[in-house]
Amino acid sequence: MGKSILELSYMVPCATICLLSSVKATFFYVHQEVLIDVVKKLKNIHPDVDDRKVTDEITIEEEELNDVVRRNVNESTKFLKSLIKLDLAICLGVVVAFCLQPISAMGYEYWKTGTYKVTFPFNVKYFFDPYSKAVWPFVYFHLVWSTFISFFNTFGTDTFFFAFCVYMRMHFRILQRRFQDAVCEREGRQFVEVVKRHQDLIHLADQVEILYSKSTLFNIVTSSVLICLSAFNVTSVEDMGVAISFMAFLSMSLTQIFLLCYFGDMLMKSSMEISDAIYNSEWYQADQRMKRNVLLVLTKSRRPCKLTAARFADVNLTAFTTILSRSWSLFALLKTVYK
């Protein structure tokens, strides 16, 4: 259509984030049985926090474990709620900036000149003339509604990922204390129960890998494009309204991929901390049979529960630094070509 690089850079990030949201929601729909199973299991194993005190029925060790559980549950819940509010505010800021910018520009133009030109948040093409003043409000509403759909597709899948990683870290921390108490138990019944819980958590991580593996690969690949083009628009565009919109878009892209890598890294580290807790327990006082079992669990826990981008790369903070490096290289190249 003969568009310039600057005009194309407006459209590509919006089309990419729309496609990304559709990909994420599609894999949730395809694997909805796995999703429901993960939610049910997390609900079933969620600790029952109570305020019981030390009595004849509850030993001091059980009360200490109860305090550990209560503290971890409260900390995880508060952290997750704060994080969701932050993510919601950033994403809504992008939606509001893009949806209100054309109306603000039209209002300013009408105030200055007494006339206005019909515009939309995005470049559009319909089978009819969308710039007709009779149909303009309906087309505008359709674009805003579509923007919110893309937003909630991304926000919903991401927040479930955050919640899963936060609660898995909580379970691994509680499991550390339970392993320490179970190692020195003579009968070994508690140790068997704790090992089963450890296996359940590993299985949960494998199920979430099914949910997110392919969409995460697409997310990582497109993040470099989103960050690069958003930064290019912020530094190259002359329209302040468009620059502010893409500044919000850049903040959202950086936050989204950082949180994805941060929580993937959190899951890996928390799963490996089990081995440190077992090693720091009083395993040397256990019998030979228990020592062999402890060695098996210790070896197993050294292999982290991790989420990958379709097995091509691990989702952790190292991946985030790689994405930033690649984005900067693309940004520098694009600025050079544009000049």
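General remarks:
- Every condition in (1) open to solvent by 60 Å² or more (accessible area, probe 1.4 Å); (2) of a type outside the set (Asp, Glu); (3) more than 30 Å from ILE220 (Cβ to Cβ) is met by MET106 except one, and the failing one is (1).
- Matching option when the condition is closer than 30 Å to ILE202 by Cα, open to solvent by less than 30 Å² (accessible area, probe 1.4 Å), polar (S, T, N, Q) and more than 18 Å from the chain's Cα centre (by Cα), among SER327, SER245, SER236, SER281: SER281
- Verdict on LEU333 being farther than 20 Å from LEU204 by Cα, open to solvent by 20 Å² or more (accessible area, probe 1.4 Å) and in a helix (DSSP H, G or I): yes
- Selection from region 289-309 of residues that are within 27 Å of the chain's Cα centre (by Cα) and open to solvent by less than 30 Å² (accessible area, probe 1.4 Å): SER301, CYS305, LEU307, THR308, ALA309
- Lone qualifier among LYS339, LYS300, LYS291 - being among the charged types (D, E, K, R) and under 16 Å from PHE172 (Cα atoms): LYS300
- Count - residues of region 103-160 that are part of a helix (DSSP H, G or I), farther than 30 Å from LEU259 by Cβ, of a type in the set (A, V, I, L, M, F, W, C) and in contact with a Phe, Trp or Tyr (Cβ under 9 Å, 6 or more places away or on another chain): 5
- Unmet criterion (only one of (1) assigned to a helix (DSSP H, G or I); (2) among the hydrophobic types (A, V, I, L, M, F, W, C); (3) on the phi > 0 side of the Ramachandran plot) for CYS261: (3)
- Selected residue (criterion: nearest to the chain's Cα centre (by Cα)) from residues of region 84-119 that are modelled with pLDDT of 80 or more and among the aromatic types (Phe, Trp, Tyr): PHE98
- Inter-residue pairs, beta-carbon under 6 Å, first more than 17 Å from TYR140 (Cα to Cα) and in region 91-111, second aromatic (Phe, Trp, Tyr), 6+ apart: CYS91/PHE151; CYS91/PHE155; GLU109/TYR116; TYR110/TYR116
- Test: VAL139 is in contact with a Pro (Cβ under 9 Å, 6 or more places away or on another chain) and either open to solvent by 70 Å² or more (accessible area, probe 1.4 Å) or at pLDDT 85 or above (or both): yes
- All of LEU229, LEU217, LEU175 fail the test of being on the phi < 0 side of the Ramachandran plot, assigned to a helix (DSSP H, G or I) and open to solvent by less than 10 Å² (accessible area, probe 1.4 Å), apart from LEU175.
- Residues that are aliphatic (A, V, I, L, M) and either in contact with a Phe, Trp or Tyr (Cβ under 7 Å, 6 or more places away or on another chain) or more than 29 Å from LEU250 (Cβ to Cβ) (or both), drawn from region 89-102: VAL94, VAL95
- Qualifying residue in region 188-203 (condition: acidic (Asp, Glu) and outside any helix (DSSP H, G or I)): no
- Among residues of region 182-192, those that are surrounded by fewer than 19 Cβ atoms within 10 Å (Cβ to Cβ) and either at pLDDT 85 or above or closer than 17 Å to ASN280 by Cβ (or both), counted: 2
The values are calculated or read from the model by the stated rules, or taken from the named source; none is laboratory data. Predicted model, so just to flag it, every value in this text is computed and none were measured. So basically every Cβ, Gly included, is an ideal-geometry build from the backbone, and we count neighbours across all protein chains shown. Calculation scope for accessible area: heavy atoms of the full protein, side chains included, ligands and nucleic acids excluded. Shrake-Rupley method; radii C 1.70, N 1.55, O 1.52, S 1.80 Å.
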